[in-house]
Amino acid sequence: MAINHFLGSLDFSPEKYDVLFSLASRIIDSPSDYTDRCRGKLMATLFYEPSTRTRLSFEAAMLRLGGGVISVASAKSSSVSKGESLGDTIRTVGGYADLIVMRHPKEGAALLAAEYSPVPLINGGDGAREHPTQTLTDLFTIHRFKGRFDGLTVAFCGDLRYGRTVHSLVKALARYSGVKFILISPSELRLPERIVREVNEINPEATLQETTSMEDGLESADVLYMTRIQKERFFNEEDYIRLRDTYILTEDKLRAASEEMIVMHPLPRVTEIDYAIDADPRAVYFEQARFGMFARMALIVHLLSDKEGGDA
């Protein structure tokens, strides 16, 4: 039987995402029904890059499902620091665990790791390429608050060049009809052309509107997806300092938006959302982080059920 991994946001069809959303909603409504679902199972988390929400939400998800967790919190605490190859690490850890979640700073690392993994492998983020479980979280959040994807106008603001959460989510949303994207960024941090091409290939009718004005982008948005300017992706600190405060969402700027719009953010937040916005009912980023745990619980159940040939 082929091993099912989750390496990119397009690995699952819209129909499969719907199945996961339904499962995650059932877990929210009846958590006690799932407390023993993964009893006797072990998940390994290999994080070679810093993480708070992704790592902890996965570990909390597995523990809430009754399973166990073994963890590598950084490259320095693993045999990678001794020169061990990624393939050897994955083969070894796959002998201990039933599921592996990996975050790695190099693009394509998850694809390479999956070639060696004897158990389902989940990409927890690889460089600036993909972050599919954040996309699962983001789609589930939109589903909970908006109840649909078709016909939505989604504004992405900030670092669209290096933002792997943006790259994953824009491709996943492109598969729905009538979706319009408003891309708000400085010219240096525009959405990469390769992502634009992929979106156009996925849906030739998808609309992508680029602007440098946050206010213009807010007027028609159903969803505002804010991102931080990522210091760790810059080679030149002067460029980072020059761009880091380009967009700051304040109460004054939010007045231009619809009362029905929701404000999302993959977190962590630095300066791009004023703390006063937290009290606005449109700010859903902490609910989004919480939904991430339930979405990942659904993903774990699904992958382990597939592995055993059962139903989620």
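A few notes on this one:
- Most to least packed among 28-34, 12-18 [average Cβ atoms within 10 Å]: 12-18, 28-34
- Burial ordering of Val119, Val72, fewest other beta-carbon atoms within 10 Å first: Val72, Val119
- Each of Val270, Ala113, Thr212 was placed along the dipole of the chain (beta-carbon charges, centred on the mean Cα), and the one lying farthest toward the positive end is Ala113.
- Here segment 129-180 is assigned +1 on the Cβ of each Lys and Arg and -1 on the Cβ of each Asp and Glu. Its dipole about the Cα centre then comes out at about 80 debye.
- The count of lysine pairs in the chain whose Cα atoms are under 28 Å apart, excluding pairs fewer than 8 places apart on the same chain, comes to 24.
- DSSP H segments from the chain that extend 18 Å or more along their own axis, Cα-based, with Kyte-Doolittle mean of -0.5 or above: 14-29, 132-146, 285-308
- Dipole in debye (nearest 20) - the chain, about Cα centre, beta carbon charges: Lys, Arg +1; Asp, Glu -1: 860
- Globularity index of segment 28-185, i.e. its alpha-carbon radius of gyration over 2.2 N^0.38 Å: 1.15
- For Ile182, residues with placed amide H under 5 Å, excluding near neighbours: Val154, Ala155, Phe156, Gln209
- Relative frequency of Cα-Cα separations exceeding 26 Å in segment 132-288, percent: 19
- This model, with +1 at the C-beta of Lys and Arg and -1 at the C-beta of Asp and Glu, gives segment 132-288 a dipole about its Cα centre of some 540 debye.
- Reciprocal mean inverse distance between Cα atoms of segment 240-299 - Kirkwood radius, Å: 12.9
- Rg over Rh [alpha-carbon atoms, Kirkwood Rh] for the chain: 0.96
Every number here is computed from the coordinates shown, using simple stated rules; none is lab data. Fair warning: this is a prediction, and the values are worked out from it, not measured in the lab. Glycine gets a Cβ as well: all are built from the backbone with ideal geometry, and neighbour counts include every protein chain shown.
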